[in-house]
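The structure appears right after this line, and notes come after that.
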């Protein structure tokens, strides 16, 4: 085994491939050749892929090769960078060096996307922090807020309940006056916020709040989570926004999106609310989803017969 070639191959797959940017064998050979490793044939690369797989590097093929597993996910890198940005006493050169090291764990394409988003959820974005402070003030005073979301013209009057951080985003959980259902919105999706000062009784049962958090986010992410791909049949901005709210770890692709989720009834129950707007691309997961739906149908038929 050529150790130099293996190390260069790991670097190429980690930095220049991901689920949306796949490499052909000829492209991989050309990139190795640029690093002074020439005359690499297909059999050699296949053998190297098997070797990498034995050491925990999951290289997948889907119209091209890409590294599907990395030491850090994109969201994990963002959480770390957000935390570093919040430490105001760090020397800038030291901070930049740490960021470069973190970026080396993800592809160059993901690095570009991350840099576009880096201003979010940090102390440098005063508008974002001010909205969090306004929300907290309204919660403490039992007041309502008027918010306007990105891509929406109208304002909504809401009763804020609490703030929550999930993965690398901050959320405002709320309900409407006279409606005890729980909703949530990401702070970086709030374009405008105004404290109305109108007092309102909060009549939402605590158990409903806990249940909503579990259904909308936390229960889908665990050590057993797997990558699941979806197609989008309705590409409206509203659907994309709703998907981002429901699945914080979501990554949009050319024709759909992917998420990491633990397969469970709670996860499938959330998917049913989307009807035919989304389609599971992974056949095995789709079969499990169909089995879940059939279980519900069988249960409902049994209950109808007993009634």
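Filter region 43-58 for residues that are in contact (Cβ under 8 Å) with a residue 24 or more places away in the chain and more than 16 Å from residue 26 (Cα to Cα); which is surrounded by the most Cβ atoms within 10 Å (Cβ to Cβ)?
57
Among the residues of region 1-24, what is the count of those that are touching a residue at least 40 places away in the same chain (Cβ under 8 Å) and more than 17 Å from residue 68 (Cβ to Cβ)? First the steps, then the outcome.
Initially, region 1-24 is screened for residues touching a residue at least 40 places away in the same chain (Cβ under 8 Å), giving 1, 5-6, 9-10, 13-24.
Checking the rest, the ones that are also more than 17 Å from residue 68 (Cβ to Cβ) come to 1, 5-6.
Final tally of qualifying residues: 3.
Out of the residues in region 1-31 that are part of a helix (DSSP H, G or I) and farther than 28 Å from residue 254 by Cα, which is modelled with the lowest pLDDT?
The extreme case among them is 3.
Give region 250-296 a look and list any residue that's exposed (fewer than 12 other Cβ atoms within 10 Å of the Cβ), at pLDDT below 80 and more than 25 Å from residue 20 (Cα to Cα), or say none.
265 - this is the single residue of region 250-296 that is exposed (fewer than 12 other Cβ atoms within 10 Å of the Cβ), at pLDDT below 80 and more than 25 Å from residue 20 (Cα to Cα).
Tell me which of these residue 135 doesn't satisfy, since it passes every other one: (1) in contact with a strand residue (DSSP E or B) (Cβ under 6 Å, 6 or more places away or on another chain); (2) modelled with pLDDT under 70.
(2) is the only condition that residue 135 fails.
Restricting attention to region 141-157, which residues are out of contact with any helix residue (DSSP H, G or I) (no Cβ under 8 Å at 6 or more places or on another chain) and surrounded by fewer than 14 Cβ atoms within 10 Å (Cβ to Cβ)?
Scanning region 141-157 gives 141, 142, 153, 154.
Each row is one residue, and each column tells you yes or no for (1) out of contact with any strand residue (DSSP E or B) (no Cβ under 8 Å at 6 or more places or on another chain); (2) more than 17 Å from residue 226 (Cα to Cα).
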position: 258; (1), (2): no, no
position: 270; (1), (2): yes, no
position: 281; (1), (2): no, no
position: 284; (1), (2): yes, no
position: 289; (1), (2): no, no
position: 294; (1), (2): yes, yes
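Please list, ordered by residue number, the strands (runs of 3 or more DSSP E) wholly in region 145-219 having 3 or more residues that are at pLDDT 75 or above and closer than 17 Å to residue 245 by Cα.
156-166, 169-176, 179-186
The values are calculated or read from the model by the stated rules, or taken from the named source; none is laboratory data. Keep in mind that this is a model prediction, so the values were computed, not measured. Here the Cβ is made from the backbone with ideal geometry for all residues, glycine too, and neighbour counts use every protein chain on show.
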